[in-house]
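What follows is a set of notes on a single structure, which appears directly below.
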Amino acid sequence: MLLNEDKAFKLIELLNKSIKNPKTSLKYRNQFTLLVSVVLSAQCTDVNVNNVTKNIYKKYYTPKHFTELGINKIRNLIKSIGLFNNKAKNLYYLSKILLEKHQSRVPNNLEDLILLPGVGRKTANVVLNEVFNKPTIAVDTHVFRVANRTGLSNGKNPEQVENQLLKILPKKYIKKAHHLILLHGRYTCRARNPLCKKCVINKVCLYKGKNE
Ligand code: SF4
C-alpha cells in the first residue's frame, strides 16, 4: 500500500515541524572536502569522519593536495576509518581526475559525479543537494527503510525509492527530504525497535508492524 499525495504531504510536514535544522552533520570547508567526507562516511559514522578530517582539512583541502599526498599518505591519514584501503585509493584517483579533467572543481551534475571512483548515486545526490542546492534525494539505508515502511514508497532498490519520493513529495520539501527522513530513521524509525509510540507520523504511517 502506498500513501496518497495528501498523506505524503502531511507526513513530510509533520517531520518538518518536529525536526529542527535538518542538515548534514559532516564538517567540511569547501565543495571538495564535502565530497571527501561523504566518500569517507560509507559504513562509518559522521562523528568518526569528522574526528579524522578536522586535522586533515587544516592542511589538505584541494584535489592538488590529495594528489600530491599519494595513496600511502592518504591511507595513513584515514586509517582509523573503516575500509580505509579502498577509500584511500578512491580519494587519490578521484582527486587526480578532478585535477586533470575538471580544473580541480567538483562537477555539479550527477553524470560526471558518478564517474568518479568511490562515488555512487547516493554520494552524488548528497553533494548536489548540500553544496549545489539541487533538489535531489539521496537514498541511504535509513531513507530506504523509512520510505518503504511508511508507504511513501514501495521501491525495490534505492533508485526506485528516489524516483517515487521525487514524484510524491511536494516540491517545497524535496531539498530537505533526505535529511528529514534520514534523521527520523536514525533516531525514531530505527531498524530494530522503532519508537512508534513516540513517533510524530504514527497516524499517517502504513507500516503493518507499527506499535500504536
Ligand atoms: S510509526 Fe513506527 S514504523 Fe511508522 S514511521 Fe513511526 S516509528 Fe516508523
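When peptides 178-185, 107-114, 8-15 are sorted by average Cβ neighbour count within 10 Å, with the highest value leading, the order is 178-185, 8-15, 107-114. Quick one: pull the percent of accessible area on the chain belonging to carbon and sulfur, 1.4 Å probe, ligands and nucleic acids left out. Exposed carbon and sulfur together represent 51 percent of the surface. The Cα atoms of the range 101-212 define a convex hull whose projected area, averaged across directions, is 7.7 nm². Only helices enter this figure: runs of n ≥ 4 DSSP H residues, each worth -39500 (n - 2.57), summed and divided by the residues of the chain, yield -18500 deg cm²/dmol at 222 nm to the nearest 500. Size estimate for the chain follows the Kirkwood approach: the inverse of mean 1/r over distinct Cα pairs works out to 18.1 Å.
For the chain, the longest principal axis of the C-alpha atoms and the axis of helix 121-132 are separated by about 80°.
Assuming charge only on the beta carbon of Lys and Arg (+1) and of Asp and Glu (-1), the dipole of the range 20-90 about its Cα centre is about 160 debye to the nearest 20. Accessible surface calculations at 1.4 Å, restricted to protein heavy atoms, place the chain at 55 Å² per residue. Computed packing ranks the peptides 193-205, 36-48 as 36-48, 193-205, most packed first, by mean other Cβ atoms within 10 Å. Using only side-chain charges placed at the Cβ, +1 for Lys and Arg and -1 for Asp and Glu, the dipole size of the range 103-181 relative to its Cα centre rounds to 340 debye.
Against the chain, whose longest principal axis is taken from its Cα atoms, helix 84-101 shows a tilt of about 70°. With the charge dipole of the range 95-172 set up from +1 on Lys and Arg Cβ and -1 on Asp and Glu Cβ about the Cα centre, the Cα lying farthest toward the positive end among the listed residues Gly118, Leu152, Gln164 is that of Leu152. Based on C-alpha pairs under 8 angstrom that are at least 6 apart in sequence, the chain has a relative contact order of 24 percent.
The values are calculated or read from the model by the stated rules, or taken from the named source; none is laboratory data. Bear in mind the structure is a predicted one, so any value in this text is a computation, not a measurement. Reconstructed Cβ throughout: ideal geometry from the backbone, glycine too, with neighbour counts over all protein chains shown. Remember, those area values only see protein heavy atoms, side chains included, never the ligands or the DNA or RNA. Shrake-Rupley method; radii C 1.70, N 1.55, O 1.52, S 1.80 Å.
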